[in-house]
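Peer 1: The structure is given below, and queries will be raised subsequently.
The values are calculated or read from the model by the stated rules, or taken from the named source; none is laboratory data. Everything numeric here is computed off the predicted structure, so don't read it as measured data. Don't worry about glycine lacking a Cβ; one is built from the backbone with ideal geometry, like all the others, and counts go over all protein chains shown.
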């Protein structure tokens with residue numbers, strides 16, 4: 001793996017975009033002091049993910065963006081791209097050229113890109129892990145780092161050896177694992193505390209449950225009584241309704257007489273309204289005439305007032321302008337005096353500024369030293385805090401153990417007291433022991449039978465749980481495998497789509513014509529017209545390489561139109577296939593197919609309109625195995641016949657031969673659009689498969705949860721404990737019976 005190119009734009013002192021090519025033989029970058037050599041090293045560190053501003057010789061990250069000069073404005077973006085040659089596959093990726101890009105905006109937003117695809121810093125760190133390249137690795141060494149290695153400051157020499165031997169990545173993973181274990185231990189301690197608190201709250205919850213049960217019982221009684229009360233109220237309302245209906249009939253009869261009187265009065269009122277309207281019309285005519293005369297009088301008075309106001313305004317304006325002119329003259333004299341005084345003060349302040357800047361520089365150095373001391377003290381404080389917390393947890397656990405032991409001691413004392421009381425009543429209890437022993441034996445036999453049945457059912461349930469768990473694990477593994485395949489296909493689709501959209505690998509003239517939609521909508525590239533089976537794609541592409549960038553047009557007029565567009569815009573040259581000039585042709589040497597060769601026309605797929613073009617280009621082209629090619633002499637080949645190795649490493653005719661190595665990305669240009677469609681279909685099918693597997697996983701998870709929820713392990717344990725207690729009780733009773741019997745017999749003999 002070799003660093004091939006570094007592109008910097010808007011980073012520190014590089015306002016314009018510069019490109020540094022590290023070709024074969026480049027060993028160093030030299031130049032005078034202040035030319036930017038250290039900034040080149042900082043740019044490489046920064047693009048590899050450096051987050052420490054101290055390592056970048058800056059106070060804050062925004063300072064890496066070009067701040068501008070007196071003659072140009074500052075930049076809004078800092079961008080650095082680093083390109084590596086990965087033909088030896090040192091980096092774990094399929095690309096032979098890896099470009100890493102980092103951008104930082106003044107708004108604070110930043111992004112990382114890998115081969116122009118947005119990614120995370122973690123992806124870049126994982127990619128370069130164990131390669132010896134990183135923001136903190138010794139593949140990028142500054143002058144002060146050489147001093148640290150010589151003096152072995154903070155184990156720098158040991159870190160260098162560990163990185164060279166590949167141990168550093170395992171130490172990093174070990175540190176991450178210990179951190180996760182520490183967090184898990186803290187969570188477990190917290191769970192124990194929660195269980196202790198939950199046990200204390202159980203009694204309170206039982207009381208609340210009893211109150212809730214009493215509440216629902218009283219609520220049912222209230223509902224019954226409410227229904228009875230509503231029935232009594234309905235009867236009372238029915239009687240009141242009957243009385244109100246009788247009153248309504250009486251009121252309707254009275255309303256009829258009153259309505260007749262109202263009609264008579266309304267007729268008289270209408271006649272009076274007609275007389276009033278006639279009089280109002282006469283009055284309106286006279287009022288209108290009066291209003292017209294009053295309006296004319298008011299208009300004349302208003303015009304008079306306006307003229308008087310305008311005259312007064314002009315007089316005031318003349319006086320105000322005179323005052324302003326005098327005031328401006330005084331201000332001009334005052335300003336000239338202030339300018340002279342400020343010039344003198346500026347000279348004085350410039351001298352003061354120089355002295356203050358010197359002091360600020362000294363103070364910054366002192367602040368940096370104090371920050372380092374503060375960081376060291378903070379680390380010591382954090383360590384002491386962790387130790388204190390651990391000791392407090394141990395003390396709390398010890399107190400809890402003491403409380404438990406005290407409770408056990410009280411229980412033992414109570415049991416001892418009961419044993420003393422039982423000793424005084426041995427003779428009385430002896431008469432009941434036979435009956436108790438019989439009952440305990442019967443209960444024991446019944447519980448044994450029930451326990452065996454439950455145990456068999458639980459074993460079957462455990463087998464189902466194990467089978468379901470195994471199937472769920474297989475489905476999850478399949479989901480992970482298919483998800484990885486989906487990610488790979490999605491990345492390939494994104495890369496191919498980016499290459500199709502941006503026309504990567506094509507000259508400027510091709511991209512210019514492709515962007516001209518009016519011309520390019522009916523003129524595809526020859527590489528998009530042709531589609532080939534996967535195993536022969538490299539061979540066909542290597543043979544047709546000089547023709548891949550040709551446009552396919554119907555007539556000379558379309559080609560001339562494109563040539564004029566390129567000429568007018570000075571965008572270079574382009575080549576064209578004219579479809580109307582190709583006639584139907586047939587292969588002239590079918591004998592090669594009988595010898596094991598494959599005609600190139602049989603391994604390609606094209607639309608019908610492009611068939612004659614492909615027949616013309618590949619009519620006598622045959623694909624052969626690499627080892628069989630050695631058996632065919634060039635002189636024996638007929639004129640016009642071309643043999644291509646299926647691996648794509650060579651092609652030859654009667655008079656020429658070409659060959660060489662095959663690159664990783666060869667065979668990717670033929671039928672890019674068709675490849676996109678195939679990739680989209682594959683992605684869709686894999687997504688459907690993954691979704692189906694996820695649905696099945698959810699179903700299995702629900703089934704597993706249901707099976708685990710139906711397990712009766714707790715009941716079995718409880719039955720086992722009951723059975724053990726019963727056996728213990730039976731043995732105890734028998735033992736006491738024998739002891740009592742022996743005691744009584746001895747007492748009797750005495």
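Per-residue answers, yes or no, for (1) at pLDDT 80 or above; (2) farther than 30 Å from residue 59 by Cα:
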position	(1), (2)
325	yes, yes
344	yes, yes
347	yes, yes
355	yes, no
360	no, no
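Peer 1: Any idea which residue in the stretch 726-750 is modelled with the highest pLDDT, counting only those that are exposed (fewer than 11 other Cβ atoms within 10 Å of the Cβ) and assigned to a helix (DSSP H, G or I)?
Peer 2: Top of the filtered list is 728.
Peer 1: I'd like to know if the stretch 75-88 contains one or more residues that are within 26 Å of residue 371 (Cα to Cα), surrounded by fewer than 19 Cβ atoms within 10 Å (Cβ to Cβ) and in the same structural domain as residue 110 (by TED's automatic domain parsing).
Peer 2: Pass one, the stretch 75-88, residues within 26 Å of residue 371 (Cα to Cα): none.
No, there is no match, as no residue in the stretch 75-88 is within 26 Å of residue 371 (Cα to Cα), surrounded by fewer than 19 Cβ atoms within 10 Å (Cβ to Cβ) and in the same structural domain as residue 110 (by TED's automatic domain parsing).
Peer 1: Right, something else. Within the stretch 26-58, track down each residue that is under 22 Å from residue 87 (Cα atoms) and modelled with pLDDT under 80. Spell out how you get there, then give the answer.
Peer 2: So in the stretch 26-58, the residues under 22 Å from residue 87 (Cα atoms) come out as 26-27, 44, 47-48.
27 - this is the single residue of the stretch 26-58 that is under 22 Å from residue 87 (Cα atoms) and modelled with pLDDT under 80.
Peer 1: Of the residues that sit in the stretch 651-678 and are at pLDDT 70 or above and crowded, with 18+ Cβ neighbours inside 10 Å, which one is nearest to residue 494 (Cα to Cα)?
Peer 2: 675
Peer 1: Is it the case that residue 453 is loosely packed, with under 11 Cβ neighbours inside 10 Å, over 30 Å from residue 189 (Cβ atoms), at pLDDT 75 or above and not assigned by TED's automatic domain parsing to the domain that holds residue 700?
Peer 2: Working: loosely packed, with under 11 Cβ neighbours inside 10 Å: yes; over 30 Å from residue 189 (Cβ atoms): yes; at pLDDT 75 or above: yes; not assigned by TED's automatic domain parsing to the domain that holds residue 700: no.
Against the criterion (loosely packed, with under 11 Cβ neighbours inside 10 Å, over 30 Å from residue 189 (Cβ atoms), at pLDDT 75 or above and not assigned by TED's automatic domain parsing to the domain that holds residue 700), residue 453 does not qualify.
Conditions (1) part of a loop (DSSP other than H, G, I, E, B); (2) out of contact with any helix residue (DSSP H, G or I) (no Cβ under 8 Å at 6 or more places or on another chain); (3) surrounded by 14 or more Cβ atoms within 10 Å (Cβ to Cβ), marked per residue:
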residue: 19; (1), (2), (3): no, yes, no
residue: 27; (1), (2), (3): yes, yes, no
residue: 30; (1), (2), (3): yes, no, no
residue: 34; (1), (2), (3): yes, yes, no
residue: 38; (1), (2), (3): no, yes, yes
residue: 49; (1), (2), (3): yes, no, yes
residue: 52; (1), (2), (3): yes, yes, no
residue: 58; (1), (2), (3): yes, no, yes
residue: 68; (1), (2), (3): yes, yes, no
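Peer 1: A follow-up question, please. Out of the residues in the stretch 2-17 that are part of a loop (DSSP other than H, G, I, E, B) and on the phi < 0 side of the Ramachandran plot, which is surrounded by the fewest Cβ atoms within 10 Å (Cβ to Cβ)?
Peer 2: So the residue we want is 16.
Peer 1: Can you name every residue in the stretch 70-95 that is closer than 13 Å to residue 3 by Cα, within 29 Å of the chain's Cα centre (by Cα) and at pLDDT 85 or above?
Peer 2: 81, 82, 83, 84
Peer 1: Same structure again: Taking residue 523 as the residue in question, decide whether it is touching a residue at least 12 places away in the same chain (Cβ under 8 Å), crowded, with 18+ Cβ neighbours inside 10 Å and in a loop (DSSP other than H, G, I, E, B).
Peer 2: Here the answer is yes, as residue 523 does meet what is asked.
Peer 1: A further question on this structure: Would you point out which residue out of 699, 718 is within 14 Å of residue 447 (Cα to Cα), without any contact (Cβ under 8 Å) to a residue 24 or more places away in the chain, out of contact with any strand residue (DSSP E or B) (no Cβ under 8 Å at 6 or more places or on another chain) and assigned by TED's automatic domain parsing to the domain that holds residue 452?
Peer 2: The unique qualifying residue is 718.
Peer 1: Here's a follow-up. Can you list the helices (runs of 4 or more DSSP H) found entirely within the stretch 538-626 that contain at least 3 residues being at pLDDT 80 or above and under 30 Å from residue 646 (Cβ atoms)?
Peer 2: Numbers: elements: 556-569, 591-594, 611-618.
Passing ranges, in order: 611-618.
Peer 1: Here is a follow-up. Within the group 220, 189, 197, which residue is over 30 Å from residue 386 (Cβ atoms), part of a helix (DSSP H, G or I) and not assigned by TED's automatic domain parsing to the domain that holds residue 125?
Peer 2: Checking each option against the conditions leaves just 220.
Peer 1: May I pose another question? Starting from the stretch 30-48, take each residue that is in the same structural domain as residue 17 (by TED's automatic domain parsing) and list its partners that are loosely packed, with under 12 Cβ neighbours inside 10 Å, counting only C-beta distances under 7 angstrom and pairs at least six apart or across chains.
Peer 2: That search, which allows pairs on different chains as well, returns 37/31.
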